[in-house]
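*Asks:* Below: one structure in structure tokens.
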Amino acid sequence: MSVNKTDYRLLTIITEAALESRLIDALEQCGAPGYTIMDVRGKGDRGVRSAGWDQSGNIRVDVVCDEVTANRALAHVRDRFYENYAMIATLSPVEVLRPEKFSPR
Amino acid sequence: MDPIILFFVLGVTAGILRAELRLPTAIYELVSILLLLTIGLKGGVEIAKQPLDALLPQVSAVLLMGFALPLVAFPALFWLGRMARADAASIAAHYGSVSVGTYAVATAFLASRNIGYEAQMPLLLTVLEVPAIIVGILFARGLSRGTDWRALGREVFLGKSIVLLLGGLLIGWAAGPEGVKPIEPLFFDLFQGVLALFLLEMGLITASHLGVLRRHGVFLAAFGVLMPLFGSVVGTLLAGLLGFSVGGMMLLATLAASASYIAVPAAMRISVPEANPTLSLAASLGITFPFNVLIGIPLYLAMAQWWSSVIGG
């Protein structure tokens, strides 16, 4: 099974747990075919996010999609959330099996 | 000293000493869910025993207090404290709203002294969660510009604390004193133990916010003590007007004195994202919560006893 390595992207966003439902809505609007959410904790320029209780939790959202969707989603979350929320986002190329699962909705 | 208070002191101490102690998030969530449901259930069961007609004027009066407290807090923060508009608005909303944890400690304090209180207090607690959030957003945004009221309404009315408090109230009210017997062991008998665990975690959280205060200075710390004292006087006077008993008076004073750390931070994060959550939580959790738990609650009881003897003749 061959796939074009440059076609698919893993978009990883780490942000405040408070943002979860709005972030997911935004990603789906951008055409994300699916997502995986993890509860995480760590430290960044907004201090330690210890996940000890409601307001200090972080989430990590992974989306695998095509390059166009990934760039659109990245630009959208940057414009909407970067200024006021603790958030980082990264984009990396990934190889996938069954590419039809990751075409935009 | 009550053992539950000592659990709080243990949490703060362990946090300051950076002890290897961390309650799993799931435990904290379960404990806070149990607290909210228990308070709701207790209120619902008590309300089921009595007529409802006196409630409406009380609920309206308490709502009014919920709108009024942030109206006092905001100017103090904005002009005296010279804080940014969004920060002042957010902190004012925290202080107009209420802390369920503080309320739980106050009821335990009354119970250990065999002092009764009005059955509708949990309902008033629930009612007080909301108005300050609205006032806070209006201060930050004004009426005209695009606040997403639908998203906000969701955040406020479908947030964990309101859903569980109201849900507990309704279940307790529908089931009545006999109906809740089978679930009493979990919710009522374990209440003190659950509260102790909750306070241990709150101590750890408080300790983690103390460092912020060192950076953001004396004004916030002073506000975190003076605002609850002012609120407690307002609460005591209002309870006097409503004809509450000493216990109810002390609880309304505690509610007016307490600052939210569950419902309001979540709503502010969504509606006023430019407000720095570190500041409001440092004041609410680093200063006001420990102040109320350690000093405020006994003080408010003494004030209620004095005031009811004054107005009682």
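*Asks:* Tell me which residues come under 5 Å, amide H to amide H, from A:G57 once H is placed; ignore anything under 5 positions away on its chain.
*Replies:* Long-range HN contacts for A:G57: A:A17, A:A51.
*Asks:* What ³J(HN,Hα) values, in whole Hz, does the Karplus curve 6.51 cos²θ - 1.76 cosθ + 1.60 give for the range B:288-294 when θ = phi - 60°, with x put for Gly and Pro?
*Replies:* Along the range B:288-294, the couplings run 5, 4, x, 4, 5, 5, 8 Hz.
*Asks:* I'd like the orientation of helix A:67-81 relative to chain A: the angle between its Cα long axis and the longest Cα principal axis, in ° from 0 to 90, rounded to 10.
*Replies:* Relative to chain A, helix A:67-81 is tipped by roughly 20 degrees.
*Asks:* Compute the Cα gyration tensor for the range A:8-94, then decide on rounded, prolate or oblate, letting a ≥ b ≥ c be the square roots of its eigenvalues: rounded whenever a/c is under 1.5, prolate when a/b is larger than b/c in the other cases, and oblate in all that remain. Write out the running numbers ahead of the final one.
*Replies:* On the way: a/c = 1.88, a/b = 1.78, b/c = 1.05.
The shape class here is prolate.
*Asks:* Mind listing the phi-derived Karplus ³J(HN,Hα) values for the range B:131-141, rounded to whole Hz, using 6.51, -1.76 and 1.60 with θ = phi - 60°, and x for any glycine or proline?
*Replies:* x, 4, 4, 5, 4, x, 5, 5, 4, 6, 10
*Asks:* Using a 10 angstrom cutoff on alpha carbons, build the Gaussian network for chain B and name the most mobile of B:L241, B:L110, B:L169.
*Replies:* Sorting by GNM fluctuation, first place goes to B:L241.
*Asks:* Over the range A:8-94, what percent of the accessible surface lies on carbon and sulfur atoms, probe 1.4 Å? Intermediate results must be reported in sequence, preceding the final value.
*Replies:* Values: 1990 of 4210 Å².
Here it works out to 47 percent.
*Asks:* Counting only protein heavy atoms and using a 1.4 Å probe, what share of the accessible area of chain B belongs to carbon plus sulfur, as a whole percent? Present the calculation step by step, with values, prior to reporting the outcome.
*Replies:* Values: 8910 of 12950 Å².
C and S atoms contribute 69 percent here.
*Asks:* Using each residue's phi in the range A:12-17, evaluate 6.51 cos²θ - 1.76 cosθ + 1.60 at θ = phi - 60° and report the 3J(HN,Hα) Karplus result to the nearest Hz, with x for Gly and Pro.
*Replies:* Working through the residues one at a time gives 10, 10, 10, 7, 5, 4 Hz.
*Asks:* Further question on the same structure: Which residues does the label zone of B:D189 cover in the range B:32-49, counting backbone N under 18 Å from a point 7 Å along Cα→Cβ?
*Replies:* B:34-35, B:38-39, B:42
*Asks:* Next question. Just how much of B:V246 is accessible, in Å², when a 1.4 Å probe is used and the result is rounded to the nearest 10?
*Replies:* Only protein atoms counted, so the area is about 40 Å².
*Asks:* Under the rule of at least 5 residues apart or a separate chain, name every residue whose amide H is placed under 5 Å from the amide H of A:L10.
*Replies:* A:S92, A:V94
*Asks:* Now, a different point. If I model a spin label at B:R141 and B:L170 as a point 7 Å from the Cα along the Cα→Cβ vector, what separation in nanometres do I get?
*Replies:* 2.6 nm
*Asks:* Considering only A:N71, A:N58, A:N84, give the residue with the highest GNM mean-square fluctuation for chain A, with springs between Cα atoms whenever their separation is below 10 Å.
*Replies:* It is A:N84.
*Asks:* B:L30 versus A:V94, label points 7 Å from Cα toward the beta carbon: distance in nm?
*Replies:* Those two pseudo-labels are separated by 3.2 nm.
*Asks:* Does chain B come out rounded, prolate or oblate by the C-alpha gyration tensor, with a ≥ b ≥ c the root eigenvalues, rounded set by a/c under 1.5 and, if not, prolate when a/b is larger than b/c and oblate if not?
*Replies:* On the way: a/c = 1.35, a/b = 1.19, b/c = 1.13.
Taking the square roots of the gyration eigenvalues as a ≥ b ≥ c, chain B is rounded.
*Asks:* Of the candidates B:V233, B:V218, B:V194, which one comes out as most mobile in a Gaussian network treatment of chain B with C-alpha springs shorter than 10 Å?
*Replies:* Among B:V233, B:V218, B:V194, the largest mean-square fluctuation in the Gaussian network model of chain B belongs to B:V218.
*Asks:* Roughly what would the spin-label model give for A:E67 and A:L10, points 7 Å off Cα along C-beta, in nm?
*Replies:* 1.9 nm
*Asks:* Which positions within the range B:252-270 get 40 Å² or more of their accessible surface covered by the other protein chains, compared to the chain by itself, with a 1.4 angstrom probe?
*Replies:* The answer is B:R269, B:I270 - residues whose exposure falls by at least 40 Å² when every protein chain is included.
*Asks:* How many lysine pairs are close in the protein assembly as shown, with Cα atoms under 26 Å apart and the two 8 or more places apart or on different chains?
*Replies:* Details: A:K5/A:K101; B:K42/B:K160; B:K42/B:K181; B:K49/B:K181; B:K160/B:K181.
So the count of such lysine pairs works out to 5.
*Asks:* What does the average come to when, for each residue of peptide B:27-38, you count the partner chain Cβ atoms lying within 10 Å of its Cβ?
*Replies:* Working: counts 0, 4, 3, 0, 0, 2, 0, 0, 0, 0, 0, 0.
Average per residue, whole number: 1.
*Asks:* To continue, here is another question. Tell me the total accessible area that A and B bury against each other, 1.4 angstrom probe, in square angstrom rounded to 100. Could the numbers behind the result be given before it?
*Replies:* Values: alone 6610 and 13590 Å², together 18870 Å².
For chain A against chain B, roughly 1300 Å² becomes buried.
*Asks:* Counting only heavy atoms of protein chains, what accessible area per residue, in Å², does chain B have with a probe of 1.4 Å?
*Replies:* Averaged over the residues of chain B, the accessible area is 41 Å².
*Asks:* On a 0 to 90 degree scale, rounded to 10, what angle separates helix A:20-29 from the longest Cα axis of chain A?
*Replies:* Approximately 30 degrees, to the nearest ten.
The values are calculated or read from the model by the stated rules, or taken from the named source; none is laboratory data. Just so it is clear, the structure is predicted and the values come from calculations on it, not from any experiment. We place every Cβ from the backbone using ideal geometry, glycine too, and count neighbours over all the protein chains shown. Heavy atoms of the whole protein, side chains included, go into the accessibility calculation; ligands, DNA and RNA do not. Shrake-Rupley method; radii C 1.70, N 1.55, O 1.52, S 1.80 Å.
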